[in-house]
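The values are calculated or read from the model by the stated rules, or taken from the named source; none is laboratory data. Keep in mind that what you see is a predicted model, and the values were worked out from it rather than measured. Here the Cβ is made from the backbone with ideal geometry for all residues, glycine too, and neighbour counts use every protein chain on show.
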Amino acid sequence: MNTEVGMNPQNLPLGINTLSVLRENDCVYVDKTEMAYRLIRIPGRFFLSRPRRFGKSLFLDTLKEIFEGNQKLFAGLYIHDRWDWNRRFPVIKIDFAGGVLKSREELDRRILDILHKNAEYLGVTYEAIDIPGKFGTLISKAVAKYGHRAVVLVDEYDKPILDNIDNSFVAAEMREGLKNLYSVLKGQDANLHFVFMTGVTKFSKVSLFSGVNQLKDITVSPAYSSLCGYTETDLKQSFGSYFEGIDFDEVRRWYNGYNWTGSETVYNPYDILLFLSEGKRFRNYWFETGSPSFLLTLFKKGNYSPSRKSNPEGVEGIDALKLVGLPDGANHAKAAGTADGAEAAGHLQFDLDRTNQAFRRVVIKRHAKIIDKPPHLRAEVTKAS
């Protein structure tokens with residue numbers, strides 16, 4: 001529900017990734033259900049890559065509530081009068097966001113626990129022994145019970161690999177363990193209505209993605225560029241009086257500029273919410289918790305190059321940079337050091353901290369504008385003049 005400037009503001013949804021909690025506690029909700037409706041109005045299988053703390057988990061939970069028919073949560077939102085709420089689909093949600101897994105055995109135990117919780121939630125049982133058998137049976141029995149094909153939502157699908165990216169042996173084991181799970185989706189296609197998978201990056205189709213190659217990658221689709229994140233229109237319409245008296249040019253200079261080839265750049269939600277809740281002080285809130293440390297690890301090891309199609313850990317050269325908006329069609333060699341590789345995405349800017357050599361920010365810019373706070377060593381890939 002939108003809040004006009006001058007009205008009493010709604011609560012800020014700090015750290016809330018559950019739609020029901022957000023809506024039931026009068027929190028600001030930036031309505032993404034128009035794009036959700038476009039995605040789900042017909043059956044489909046999709047993949048989306050975005051950095052952490054960009055709203056992926058909340059969007060997945062929004063999809064879950066729609067497919068389960070929880071109409072009351074969507075009062076006043078775009079989808080409310082357009083979706084058929086009489087259809088209730090069995091939803092299987094797989095989430096690897098919590099904790100750090102350090103071995104294939106830990107991963108397999110986590111997967112079995114996730115499948116067991118989904119079976120309990122859906123009220124079905126299975127007798128299969130191995131993970132593919134259990135997952136496949138869970139899907140087919142859910143379809144039989146509910147009379148509709150199943151929906152599978154996967155959050156942070158790649159986290160077990162990225163958490164071990166500095167250990168190629170463990171990372172490879174994690175990749176095979178996840179492939180063992182995700183390959184079931186291809187075999188169960190006839191029982192699936194909708195699949196949506198999110199993560200920070202994309203792994204090469206010859207490794208992890210070979211089992212789920214039917215997914216349509218919408219990471220740099222212009223139609224969904226603002227699926228995660230806040231546009232400036234979102235801020236002005238949804239946050240109302242929170243922005244009264246604030247120099248919006250300064251807000252833009254600090255927090256705007258993420259772009260996945262869409263017509264509008266977006267603000268990182270974590271930055272905006274912390275900025276508003278912390279006395280409207282300008283700081284790099286997102287970087288403190290959301291920086292792409294796995295890229296830094298690869299660069300330090302010397303195993304990663306944007307000019308290479310595939311790297312030892314299985315990360316596709318250009319796809320590893322999709323979290324900052326480089327397109328599929330960009331020439332990899334050019335993307336490493338020339339302007340043409342960034343043409344479709346605008347201007348790619350890396351800010352490197354001189355002291356700890358960590359990424360301070362990864363920002364997509366539509367215009368050649370250098371962020372000068374805080375001062376760092378800068379390397380730009382800009383559009384050819």
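Residues that are at pLDDT below 90, part of a helix (DSSP H, G or I) and hydroxyl-bearing (Ser, Thr, Tyr) are absent from region 306-321 altogether.
Let me spell it out: the conditions are (1) free of Cβ contacts under 8 Å to residues at least 60 places away in the same chain; (2) touching a His at 6+ places or on another chain (Cβ under 9 Å), and residue 150 meets all of them except one. Which number is the exception? Of (1) free of Cβ contacts under 8 Å to residues at least 60 places away in the same chain; (2) touching a His at 6+ places or on another chain (Cβ under 9 Å), only one is false for residue 150: (1). Among the conditions (1) more than 22 Å from the chain's Cα centre (by Cα); (2) farther than 15 Å from residue 194 by Cα; (3) modelled with pLDDT of 95 or more; (4) of a type in the set (A, V, I, L, M, F, W, C), the only one that residue 128 does not satisfy is (3). Tallying residues that are in a loop (DSSP other than H, G, I, E, B) and farther than 24 Å from residue 16 by Cβ within region 249-259 yields 2. Looking only at region 140-150, decide whether some residue is loosely packed, with under 13 Cβ neighbours inside 10 Å, of a type in the set (S, T, N, Q) and over 25 Å from the mean Cα position of the chain (by Cα). Within region 140-150, not a single residue is loosely packed, with under 13 Cβ neighbours inside 10 Å, of a type in the set (S, T, N, Q) and over 25 Å from the mean Cα position of the chain (by Cα). Select from region 31-51 the residues that are within 25 Å of residue 277 (Cα to Cα) and surrounded by fewer than 20 Cβ atoms within 10 Å (Cβ to Cβ) and list them in ascending order. Passing the criteria: only 31.
For every residue, the table says whether it meets (1) among the hydrophobic types (A, V, I, L, M, F, W, C); (2) surrounded by 14 or more Cβ atoms within 10 Å (Cβ to Cβ).
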| residue | (1), (2) |
| --- | --- |
| 57 | no, yes |
| 65 | no, yes |
| 81 | no, no |
| 94 | yes, yes |
| 108 | no, yes |
| 121 | no, no |
| 124 | yes, yes |
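If the condition is being outside any loop (DSSP other than H, G, I, E, B), free of Cβ contacts under 8 Å to residues at least 60 places away in the same chain and not basic (Lys, Arg), then region 44-91 contributes 58, 61, 62, 65, 66, 71, 73, 74. Checking each residue in region 126-179 for being in contact with a helix residue (DSSP H, G or I) (Cβ under 7 Å, 6 or more places away or on another chain), more than 19 Å from residue 47 (Cβ to Cβ) and among the hydrophobic types (A, V, I, L, M, F, W, C) picks out 128, 131, 138, 142, 143, 165, 171.
Of all the listed residues (105, 65), the sole one being acidic (Asp, Glu) and in contact with a Leu (Cβ under 9 Å, 6 or more places away or on another chain) is 65.
Each row is one residue, and each column tells you yes or no for (1) assigned by TED's automatic domain parsing to the domain that holds residue 48; (2) over 16 Å from residue 51 (Cα atoms); (3) surrounded by 15 or more Cβ atoms within 10 Å (Cβ to Cβ).
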position: 230; (1), (2), (3): no, no, yes
position: 243; (1), (2), (3): no, yes, yes
position: 246; (1), (2), (3): no, yes, no
position: 253; (1), (2), (3): no, yes, yes
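Residue count for region 151-182 satisfying the condition of being outside any helix (DSSP H, G or I) and surrounded by fewer than 17 Cβ atoms within 10 Å (Cβ to Cβ): 2. Within region 255-274, if we keep just the residues that are under 16 Å from the mean Cα position of the chain (by Cα) and hydrophobic (A, V, I, L, M, F, W, C), the residue that is surrounded by the fewest Cβ atoms within 10 Å (Cβ to Cβ) turns out to be 266.
From the list 159, 186, pick out the single residue that is farther than 23 Å from residue 69 by Cα, under 19 Å from the mean Cα position of the chain (by Cα), of a type outside the set (A, V, I, L, M) and at pLDDT below 95. Of the residues listed, the single one that is farther than 23 Å from residue 69 by Cα, under 19 Å from the mean Cα position of the chain (by Cα), of a type outside the set (A, V, I, L, M) and at pLDDT below 95 is 159.
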